[in-house]
Amino acid sequence: MTSAVQAQIGSKQRERIQLTIRGTVQGIGFRPFVFRLAQDLSLGGWIANTPQGTLLELEGTQKNLHAFQKRITAELPLTGNIQAMTSTHIPVIGQPTFFIHPSQGDDQTQSVISPDLATCEGCLQDMKNPQSRRYRYPFTTCTQCGPRFSIALRLPYDRLNTTMHQFLFCDECQREYDDPSDRRFHAETIVCPSCGPQVELWNHGGNLLAHREQALHAASSIIKQGQILAVKGLGGFQLWVNAKSSEAVQRLRQRKIRPTKPLAVLFHSLASVEQHCLVSTDEATLLTSPAAPIVLVKKRNTSTLAGEVSPNNPHVGAMLPHTPLHHLLMNELLIPVIATSGNRSEEPLVIDEQDAVHRLHGITDAFLVHNRPIVRPVDDSVVQVVNDKCVMRRRARGYVPTPLAVKPGFGADHRLPQILAVGGHLKNTVAVTTGDQIIVSQHIGDLSTPEASAQFERTIADLLTLFHLTPQAIACDSHPDYRSSRFAHQFGKQHNIPVMPIQHHHAHIAACQAEHGLQGPVLGVAWDGAGFGLDETMWGGEFLLCHDAKLTRLAHVRPFRLPGGEVCMRKPRRVALALLYEVFGEVVFEWHLPPLQSLGPNMTRSLVAVLDKNVNCPITTSIGRLFDGVSALLGLSQVVSFEGEAAMALECLAESEMEKTHPQPYRLPLELQSESEGPLVADWRPLISTIVRDISEQKSPAAIALRFHQALAMLIADVAERVQCPQIVLSGGVFQNALLLKLSESELTKRGFSVYFSQKFPCNDGGLALGQAITSITSLNRKTDDIGNKPTSTINF
């Protein structure tokens with residue numbers, strides 16, 4: 001028989017296969033996409049969402065079955081992600097047509113729902129078309145856009161499992177849902193003005209002022225009048241105010257008790273962003289992406305935004321409308337507006353309209369609300385482009401709950417133990433493992449208030465319930481007094497599971513290793529404000545060799561004292577005094593440097609007495625606090641209102657010098673801690689001495705700031721050369737400093753090292769839960785007797 005005849009017979013013989021697909025394939029229009037693809041290839045069978053993923057059975061010719069498996073990945077909807085696809089041959093049953101079956105339930109959930117998606121172009125056109133029945137309708141969606149994670153009650157992702165279940169289809173919506181030729185075929189969130197949610201405008205006391213179209217017009221008028229409007233968005237409330245009105249922005253700051261922290265700005269179009277900001281191609285792509293995050297961009301000198309939007313900061317957090325409601329309001333306003341998180345300082349995002357009337361009382365003048373319930377708060381994500389790479393600053397809407405697939409060699413060849421990781425105290429997130437992937441929660445925030453702690457516990461319960469998980473162990477920070485750590489120990493005791501404290505900076509490095517799939521040893525540079533060290537002091541300027549879940553401290557910054565302890569986080573002038581006093585002694589009383597002038601002679605002498613007696617003066621190696629001290633020395637920040645304010649001011653000043661000159665960097669000499677073997681110590685004293693000399697010689701503060709940044713980048717490269725580990729990981733909150741990150745990557749690359757930093761997850765404490773989870777997996781694979789589950793692989797760091 002000739003090969004041509006064999007090929008002809010093979011093309012006509014029918015086969016049947018079963019495909020199991022895992023990844024982000026629920027809530028992206030995947031089933032309608034597969035339905036149309038199967039029809040195009042004349043395949044019979046069916047598709048259904050299951051808790052394990054999406055299950056398909058396909059019947060047709062071998063040629064068409066192969067074509068289907070190629071096209072399903074090549075033509076996947078933009079917001080989808082296939083992590084794994086397994087194929088099994090099963091008996092042919094003679095099924096000529098293809099169906100979408102109802103979802104199947106189970107008690108083991110490995111499927112993942114899509115993040116919430118910004119309004120697509122097709123839905124925007126429907127809203128603009130007077131002939132469309134969705135003309136100017138604020139809840140227009142389809143298979144490619146709309147709420148997903150924020151409205152999901154349970155999995156699999158079907159309308160009955162979301163808060164949309166209370167809105168019954170009208171005849172027209174039902175027809176669209178059932179019609180394979182319609183782009184809203186099996187779109188779980190579709191509604192129209194006849195059967196869907198509606199908007200209302202309430203006054204500050206929660207009383208109805210207007211509804212539907214009248215509510216939109218009246219809401220726009222409130223903004224134009226300079227008042228504050230609370231808008232119920234996709235994942236919670238936002239506070240809106242005219243971003244060009246200094247008076248209006250300042251009023252919002254006073255009411256929200258947010259004196260100086262930059263505020264996000266919502267623009268009506270990309271052209272409007274470009275009118276006020278310098279926007280690169282990469283930044284424009286992010287702004288207009290389905291995730292539609294806040295993007296940090298540089299403000300133009302000609303911008304008419306109020307100076308109070310981002311005081312003393314050349315950058316603006318810009319975003320574009322991401323829901324139909326946002327589009328309708330912004331197209332009517334045609335001015336930039338502040339759109340900041342709808343909450344009080346240190347409290348979680350408000351998601352319920354009745355709760356908003358109580359919790360936002362005294363802040364907002366009116367409420368624009370709707371009756372589509374939000375299940376969980378999902379704040380706006382924040383990203384920045386650094387060296388042509390998108391770097392995550394806050395991970396929430398548009399990105400969560402997209403999982404991280406654990407790569408081969410990290411235990412991905414086998415099912416991971418179920419871990420709950422509870423993160424840190426600041427910028428908290430939590431994480432869970434399911435199957436061979438890690439899911440990190442949306443940004444929760446600082447756990448400084450009872451309300452924030454309650455939301456932290458609700459988020460944990462929500463993730464465990466949504467993904468049907470029963471943790472076999474719980475991981476936390478090694479700091480015993482973090483609210484998250486105390487919860488972990490209580491939870492472990494209650495459920496009789498092991499608690500696994502993970503050193504803070506190890507978790508920072510491990511998170512980046514997991515993201516990039518790094519195996520073998522890495523030199524981790526973990527720089528931040530503070531983390532509980534292995535010697536029970538506050539670390540923050542660490543060089544760690546991380547290999548096979550083991551941690552070795554190779555180098556660190558010379559320790560210094562913090563007079564008054566945690567109060568130094570809010571008062572950088574105290575850090576500056578401590579640095580000065582250690583270098584120069586009592587001669588500082590004779591000087592008139594900015595931090596000493598700010599403290600005054602009496603407070604200066606009191607704090608020196610505290611330092612002399614070593615009372616409440618914890619030692620630290622924190623680079624974050626070193627930034628604070630130098631910022632205060634240069635007169636930038638003596639007292640701050642938010643974390644990182646002093647360091648941001650120093651970075652902005654240094655950036656301004658980058659465009660002018662390239663001064664020689666300061667240097668931090670490296671020395672052994674003692675004659676015996678031990679970590680190298682980077683001595684900051686010569687650095688401070690030189691800075692004080694340059695200040696006294698009235699040298700440019702911007703040049704001093706830049707030389708300081710250069711010194712830190714050189715220090716990293718110098719240690720790397722001493723250690724000679726080819727893989728360098730940069731992590732910790734200090735590396736939110738884009739200038740330092742650029743300088744460090746450039747210097748390390750020049751010297752032949754491979755440099756890695758977090759991109760999909762925050763390098764700040766928002767990434768700790770991921771690092772805790774991956775480190776715990778390693779430990780459990782080594783100590784399987786703790787959970788009675790023998791591993792089949794180990795993680796090699």
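Sorting ASP528, ASP535, ASP171, ASP436 on solvent-accessible area from highest to lowest, probe radius 1.4 Å, gives ASP171, ASP535, ASP436, ASP528.
Here the calculated FRET efficiency for ARG71 and GLN214, from their Cβ-Cβ distance with R0 = 56 Å, stands at 0.70, rounded to the nearest 0.05.
Where does each of 392-404, 681-693 land if you order them by average Cβ count within 10 Å, highest first?
Numbers: 392-404: 23.8, 681-693: 18.6.
For the peptides 392-404, 681-693, the packing ranking is 392-404, 681-693.
With contacts taken as Cα pairs under 8 Å and at least 6 residues apart, the chain reaches a relative contact order of 11 percent. Ranking SER87, SER776, SER245 by solvent-accessible area of protein heavy atoms (1.4 Å probe, all protein chains present), from largest to smallest, gives SER87, SER245, SER776.
Looking at the chain alone, DSSP beta bridges between its own residues are antiparallel in about 75 percent of cases. Note on region 226-305: with neighbouring protein chains present and a 1.4 Å probe, carbon and sulfur make up 51 percent of its accessible heavy-atom surface. What aspartates and glutamates could a cross-link reach from LYS70, if we take a straight Cα to Cα line under 15 Å and drop same-chain neighbours fewer than 8 places away? In chain and number order, the partners are ASP40. Starting from the Cα of LYS256, draw a straight line to each of the lysines and keep only those under 26 Å, dropping any in the same chain fewer than 8 residues away. Filter leaves LYS224, LYS232, LYS244, LYS298, LYS299, LYS427, LYS571.
What does the accessible area per residue of region 349-390 come to in Å², with a 1.4 Å probe and no ligands, DNA or RNA counted?
Details: 1390 Å² over 42 residues.
That works out to 33 Å² for each residue.
Region 57-88 and region 687-727 have their alpha-carbon centroids 54 Å apart.
Which GluC sites (Glu not before Pro) from region 577-679 combine a DSSP loop assignment with at most 13 other Cβ atoms within 10 Å? Walk me through the numbers on the way to the answer.
On the way: sites: GLU582, GLU586, GLU590, GLU643, GLU645, GLU651, GLU655, GLU657, GLU659, GLU671, GLU675, GLU677; in loops: GLU643, GLU659, GLU675, GLU677.
Counting only loop positions with at most 13 other Cβ atoms within 10 Å, the GluC sites (Glu not before Pro) in region 577-679 are GLU659, GLU675, GLU677.
Helices that extend 30 Å or more along their long axis by alpha-carbon positions and average at least -0.5 on the Kyte-Doolittle scale are, among the DSSP H runs of the chain, 701-723. Could you point to the label whose value was computed as Rg and Dmax of the Cα atoms in Å for the structure here, given (i) 50.4, 157; (ii) 28.1, 103; (iii) 26.2, 83? Of the listed options (i) 50.4, 157; (ii) 28.1, 103; (iii) 26.2, 83, (ii) comes from this structure. Can you tell me how region 184-290 classifies by the Cα gyration tensor, rounded, prolate or oblate, using a/c under 1.5 as the rounded cut? Cα axes put region 184-290 in the oblate bin. Carbon-plus-sulfur accessible fraction, region 22-165 (probe radius 1.4 Å, protein heavy atoms only): 53%.
Using a 10 Å cut-off on Cβ atoms, rank the peptides 464-472, 371-379 from the highest mean neighbour count down. Walk me through the numbers on the way to the answer.
Working: 464-472: 17.9, 371-379: 21.6.
Answer by packing, highest mean first, reads 371-379, 464-472.
Solvent-accessible surface (1.4 Å probe) assigned to HIS101 amounts to roughly 70 Å².
For region 555-644, a/c is less than 1.5, where a ≥ b ≥ c are the root eigenvalues of the C-alpha gyration tensor. That puts it in the rounded class.
The values are calculated or read from the model by the stated rules, or taken from the named source; none is laboratory data. In this text the structure is predicted, and so the values were computed from the model without any measurement. We place every Cβ from the backbone using ideal geometry, glycine too, and count neighbours over all the protein chains shown. When the accessible area is computed, the model is the full protein with side chains, heavy atoms only, and any ligands, DNA or RNA have been set aside. Shrake-Rupley method; radii C 1.70, N 1.55, O 1.52, S 1.80 Å.
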